[in-house]
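What follows is one structure encoded as structure tokens, with my remarks underneath.
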Amino acid sequence: MTTKVLMVCLGNICRSPLAEGIMRKHTNKQDFLIDSCGTSNYHQGAAPDPRSISIAAQHNIDISKQRARQLTPADIDVFDYILVMDEENLSNALALCTSAAQLDKIALITNASEIYAPRIPDPYYGGIDGFTHVYELLHDCCKNWLKKHAK
């Protein structure tokens, strides 16, 4: 059985594409379907931010072919786990839910972190150092999430 995991941030060009790429690398796509999206439609159809592409490439992860899309109510039904980057994303995703079962699928990705971080900060308005920090946090979160959920 395939486990379906959706990574969610605001615009789907910085954090969630990195999270998708990291998770895909760690699962080798075996028994997992990994995707990402944003709670907004600001960047619909756009490639990830060049800084996200660059930091991913430094870790042998290619996210350049990903394209931004918006979270939909159908996603809440399709995916087994919906991992969000911060409290705003959490609130926006929870607002799409119509059942307790759907609510149970959504969590902050940082719940799996061994590095204390209440959220994955949005690096969009900063420099490459912010993207490096986000990569490190997401790598920790994904690795630890998989320890608990991989078969």
Give, rounded to the nearest 20 debye, the magnitude of the charge dipole that segment 1-104 has about its Cα centre when Lys and Arg contribute +1 at Cβ and Asp and Glu contribute -1 at Cβ. 460 debye
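Would you work out the relative contact order for the chain, in percent, from Cα pairs under 8 angstrom that are 6 or more residues apart? Write out the running numbers ahead of the final one.
Numbers: 289 pairs, mean separation 39.4, N = 151.
That works out to 26 percent.
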Given a 10 angstrom Cα cut-off, can you work out which residue in G38, G130, G21 is the most mobile in a GNM of the chain? G130
Which residue, N28, N12, N41, tops the fluctuation ranking in a GNM of the chain built on C-alpha contacts under 10 Å? N28
Between N28 and E136, how many nm apart are label points set 7 Å from Cα along the C-beta direction? 2.9 nm
So what is the 222 nm mean residue ellipticity for the chain from helices alone, if each DSSP H run of at least 4 adds -39500 (n - 2.57) and you divide by all residues, rounding to the nearest 500 deg cm²/dmol? -12000 deg cm²/dmol
How much length would be gained if the chain were fully extended between Y125 and D62, taking 0.36 nm per residue of separation minus their Cα-Cα distance, in nm to one decimal? 20.4 nm
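Starting from 0.36 nm per residue, how many nanometres of slack lie between A100 and Q70 once their C-alpha separation is accounted for? Mind showing how you got there, number by number?
Values: separation 30, 0.36 × 30 = 10.80 nm, distance 2.21 nm.
Gain on stretching A100 to Q70: 8.6 nm.
Give, in nm to one decimal, the length gained when the segment between S91 and N111 is fully stretched (0.36 nm per residue of separation minus the Cα-Cα distance). It would help to have the intermediate numbers written out before the result.
Details: separation 20, 0.36 × 20 = 7.20 nm, distance 1.55 nm.
Taking S91 through N111 to full extension adds about 5.7 nm, to one decimal.
Read-outs: derived from the displayed coordinates by stated rules, not from any lab. Because the structure is a prediction, the values reported are computed rather than measured. Because the Cβ atoms are built from the backbone with ideal geometry, glycine has one as well, and the counts that use them run over all protein chains shown.
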